[in-house]
Amino acid sequence: MMKMAMMIFPLLCILAGFLLYLKKYKIDSSLYARILKELRERGDIRTGEGE
C-alpha cells in the first residue's frame, strides 16, 4: 500500500503541475511584444547588436 502511494501521489502531482502549466502559462505574440518592450525600456536588453 505504501509503495503504491509513493508511486501514485508524486505522479498525480506532476500531472497536476503539467496541466496547470499548459492552461495558465501561455505567451502569445502580443504578450511577448509587451515583455520585450518593457525590457527595452528598462535597459535590460539591447537591440540591434547581434541578437
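The values are calculated or read from the model by the stated rules, or taken from the named source; none is laboratory data. Predicted model only: the values in this text are computed from it and were never measured. When the accessible area is computed, the model is the full protein with side chains, heavy atoms only, and any ligands, DNA or RNA have been set aside. Shrake-Rupley method; radii C 1.70, N 1.55, O 1.52, S 1.80 Å.
Please work out which residue is least open to solvent (accessible area, probe 1.4 Å), limiting yourself to the stretch 13-41 and to residues that are aromatic (Phe, Trp, Tyr) and in a helix (DSSP H, G or I).
The residue in question is PHE18.
Does the stretch 42-49 include one or more residues that are open to solvent by 100 Å² or more (accessible area, probe 1.4 Å) and assigned to a helix (DSSP H, G or I)?
Yes, there is a match, as at least one residue in the stretch 42-49 is open to solvent by 100 Å² or more (accessible area, probe 1.4 Å) and assigned to a helix (DSSP H, G or I).
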